[in-house]
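Trainee: Before I ask anything, here is the structure I am working with.
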2 protein chains.
Amino acid sequence: MTQARVITPLFEDLAKVEHHHQLACQSCALYRLCLPLGLHRDDLTKLDQIIKRSAGYKRHQILFEPSSTFKTIFVVRSGSFKTTISATDGREQVTNFYFPGEFIGMDAIYQQRYLSTARALEASSVCELPYERLQEFSATIPELQNQLMTRLSKELSSDKNLLLSLGKKTAQEKLISFLLSLSQRFSERGYSSMSFQLTMSRGDIANHLGLAIETVSRLFTQLQDQQLLSIQGKEVTILDLPALKQRCG
Amino acid sequence: MTQARVITPLFEDLAKVEHHHQLACQSCALYRLCLPLGLHRDDLTKLDQIIKRSAGYKRHQILFEPSSTFKTIFVVRSGSFKTTISATDGREQVTNFYFPGEFIGMDAIYQQRYLSTARALEASSVCELPYERLQEFSATIPELQNQLMTRLSKELSSDKNLLLSLGKKTAQEKLISFLLSLSQRFSERGYSSMSFQLTMSRGDIANHLGLAIETVSRLFTQLQDQQLLSIQGKEVTILDLPALKQRCG
DNA sequence: GATCAACATTGATCCAGGTCAATAAAGTGT
DNA sequence: ACACTTTATTGACCTGGATCAATGTTGATC
């Protein structure tokens, strides 16, 4: 099952990141996906000094939860995370998954308290952006402020698209939309858009899409039978992208 | 059916707003709910000059849609709006409702293009905040930047709570959560939290909550039979708040 | 205040996807 | 390699809420 994964230049760089925790933004492989994009060299140097590069998180380890005090926004450096929001009785909804270069915890700015719980899906690491310092810096670096607003707005867009999925799409459309969104994000990160590893369990996917695990499992089988994709454990290979796009609603 | 509505001081002020389109932020009844909160007097004067107070919108009139060019963020001055996002085949999801002091169109910052369509639910008016000018101003007014981020984050929080509703709650829990959220927002605006008018149709509510109109209708009847609330057309009166809170999930 | 259209309610029936149950793989630690 | 736990698949059956259908109500327009 050790199928060859498409190795791109960026993927090799990402691998390096894991071994250089204090790597400066300037030479970070994620540069073009991350906050510093568009910042001047000396602004970047300043920003670099307030960013804390954390030690790694293990699979299932909690990054933050509603009881944590809100101090920082996190950027995924390597690996992946999920966030969940809980009803009073403990029912949980997986609100999003996060990959390298993506921001976690922005919903905490309002109320100064994390709304959700963030957990690592695999061995992962993050950069910590102290929110107060970020605010101070934004006052003198307009491009930084712009970047932050854009990130918040991007997360809004993604949530609203998920609302459409949850509210109006069939089970099959939900799963296809989800896979295409993953494909898109992997592609942006220099991974293959046609073949990738799911880092989350069937349970996480089902929960995220408002479905039962069994439904997700059956849909995978069904899409495979229809020759639209192939799935072997966590490895997804898209076989007929146009057909999938046409069926995602 | 002209039942007496609870008139609070703020409500009277809100009524005035409708007749003074060019009312300055300083004397606007929405001041404490709106963007200018916490701004210094002279900053406010500057902000005041870039804000355009639009003419009114009629019921069902479109404020913006994905084909409109993104230039401004809107703040509801009076009335109410809904936003919808569309699937490729025309299916629509009502993503949110907006009341005085709330911001519409923030999901357009990323991509510089409105993601959704905004429509007036009744005769309404807005203030227009030109986004580029707002960005310039934020550079010199840290509190303004803070306000904008907080607003974006608040909308994120509200979307994530809706995700929980759509993904994990029963039809009854969805409707109760929705009504309690409305109650809360009316209360913040100086209206009664126990008795209020729904400005949206049953169809809008059903769509927003991922339900059929018939289900919403039956739930209203059912909640009324259980003495938890009373509903007469668009007038909702909450009869047993603790019981509702306990049933919202 | 009559006409028509839009909106809302209620009942009867149906089905997409959930739940329950059994089995099979895949990981994990020793 | 083995035991054990977690995760995934598949089948049989069930149900919450959708859909269909008929009727009632409200509200806009002239």
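The values are calculated or read from the model by the stated rules, or taken from the named source; none is laboratory data. Keep in mind that this is a model prediction, so the values were computed, not measured. Using ideal geometry, Cβ is built from the backbone for each residue, glycine included, and neighbour counts are taken over all protein chains shown. Surface areas here come from the heavy atoms of the whole protein model, side chains and all, with no ligands, DNA or RNA. Shrake-Rupley method; radii C 1.70, N 1.55, O 1.52, S 1.80 Å.
Trainee: Could you check how many residues of region B:47-74 are of a type in the set (S, T, Y) and in a strand (DSSP E or B)?
Mentor: The qualifying residues number 3.
Trainee: Any idea which residue in region B:152-163 is nearest to DNA strand C (Cβ to nearest atom), counting only those that are under 14 Å from the mean Cα position of the chain (by Cα) and open to solvent by 30 Å² or more (accessible area, probe 1.4 Å)?
Mentor: B:S158
Trainee: Which members of region B:219-248 meet the condition of being among the small types (G, A, S), within 14 Å of DNA strand D (Cβ to nearest atom) and either within 14 Å of another protein chain (Cβ to nearest Cβ) or without any contact (Cβ under 8 Å) to a residue 60 or more places away in the chain (or both)?
Mentor: If the condition is that a residue be among the small types (G, A, S), within 14 Å of DNA strand D (Cβ to nearest atom) and either within 14 Å of another protein chain (Cβ to nearest Cβ) or without any contact (Cβ under 8 Å) to a residue 60 or more places away in the chain (or both), then B:S230 is the only one that fits.
Trainee: Can you tell me which of B:S201, B:S187, B:S217, B:S177 is more than 18 Å from B:E235 (Cβ to Cβ) and among the small types (G, A, S)?
Mentor: B:S177
Trainee: Somewhere in region B:137-150, is a residue touching a helix residue (DSSP H, G or I) at 6+ places or on another chain (Cβ under 7 Å), among the β-branched types (V, I, T) and under 22 Å from A:Y114 (Cβ atoms)?
Mentor: Looking through region B:137-150, at least one residue is touching a helix residue (DSSP H, G or I) at 6+ places or on another chain (Cβ under 7 Å), among the β-branched types (V, I, T) and under 22 Å from A:Y114 (Cβ atoms).
Trainee: Follow-up. Could you grab me the full set of residues in region B:190-218 that are more than 9 Å from DNA strand C (Cβ to nearest atom) and more than 14 Å from chain A (Cβ to nearest Cβ)?
Mentor: Within region B:190-218, B:G190, B:Y191, B:S192, B:S193, B:M194, B:S195, B:F196, B:Q197, B:T199 qualify.
Trainee: Also, quick follow-up: When you go through B:E128, B:E102, B:E65, B:E122 one by one, which is the residue that is away from chain A (no Cβ under 12 Å), surrounded by 21 or more Cβ atoms within 10 Å (Cβ to Cβ) and among the acidic types (D, E)?
Mentor: B:E102
Trainee: Under 6 Å by Cβ, and 6 or more places apart or on different chains, what pairs join a residue from region B:191-216 that is more than 22 Å from A:L162 (Cβ to Cβ) with one that is within 12 Å of DNA strand D (Cβ to nearest atom) and in a strand (DSSP E or B)?
Mentor: Partner pairs satisfying both residue conditions: B:Q197/B:E235.
Trainee: Would you mention how many residues in region B:169-189 are away from DNA strand C (no atom under 16 Å from the Cβ), buried (at least 19 other Cβ atoms within 10 Å of the Cβ) and under 16 Å from B:F81 (Cα atoms)?
Mentor: 3
Trainee: Please give the number of the condition A:R77 fails out of (1) in a strand (DSSP E or B); (2) open to solvent by 60 Å² or more (accessible area, probe 1.4 Å).
Mentor: (2)
Trainee: So, in region A:194-210, of the ones that are open to solvent by less than 40 Å² (accessible area, probe 1.4 Å) and out of contact with any strand residue (DSSP E or B) (no Cβ under 7 Å at 6 or more places or on another chain), which residue ends up nearest to DNA strand D (Cβ to nearest atom)?
Mentor: Selected residue: A:G203.
Trainee: Something else: Of all residues in region A:31-46, which are in a loop (DSSP other than H, G, I, E, B) and surrounded by 15 or more Cβ atoms within 10 Å (Cβ to Cβ)?
Mentor: A:C34, A:L35, A:P36, A:L37, A:L39
Trainee: Could I ask something else about it? Going through region B:224-249 one residue at a time, which ones are of a type outside the set (S, T, N, Q) and either in contact with a Ser or Thr (Cβ under 7 Å, 6 or more places away or on another chain) or within 11 Å of DNA strand C (Cβ to nearest atom) (or both)?
Mentor: Listed by number, the residues that qualify are B:D225, B:L229, B:I231, B:G233, B:K234, B:E235, B:V236, B:I238, B:L239, B:C248, B:G249.
Trainee: Another one. Is it true that A:L166 is assigned to a helix (DSSP H, G or I), in contact with a Gly (Cβ under 6 Å, 6 or more places away or on another chain) and either within 13 Å of DNA strand C (Cβ to nearest atom) or within 14 Å of chain B (Cβ to nearest Cβ) (or both)?
Mentor: Here the answer is yes, as A:L166 does meet what is asked.
Trainee: Among (1) closer than 15 Å to B:V75 by Cα; (2) in contact (Cβ under 8 Å) with a residue 60 or more places away in the chain; (3) within 7 Å of chain A (Cβ to nearest Cβ), which single condition is B:Q93 missing?
Mentor: Only one criterion is unmet by B:Q93, namely (1).
Trainee: Please tell me if A:S187 is of a type in the set (S, T, Y), assigned to a helix (DSSP H, G or I), within 12 Å of another protein chain (Cβ to nearest Cβ) and more than 11 Å from DNA strand D (Cβ to nearest atom).
Mentor: no
Trainee: Given the conditions (1) open to solvent by 40 Å² or more (accessible area, probe 1.4 Å); (2) farther than 28 Å from A:R247 by Cβ, and given that A:Q145 satisfies all but one, which numbered condition is not satisfied?
Mentor: Exception for A:Q145: condition (1).
Trainee: Which condition number does B:M149 fail, the rest of (1) more than 25 Å from A:I85 (Cβ to Cβ); (2) within 7 Å of chain A (Cβ to nearest Cβ) being met?
Mentor: (1)
Trainee: Based on this model, can you work out whether A:A87 counts as within 20 Å of B:S157 (Cβ to Cβ), touching a helix residue (DSSP H, G or I) at 6+ places or on another chain (Cβ under 8 Å) and either away from chain B (no Cβ under 13 Å) or not polar (S, T, N, Q) (or both)?
Mentor: For A:A87, the condition - within 20 Å of B:S157 (Cβ to Cβ), touching a helix residue (DSSP H, G or I) at 6+ places or on another chain (Cβ under 8 Å) and either away from chain B (no Cβ under 13 Å) or not polar (S, T, N, Q) (or both) - is met.
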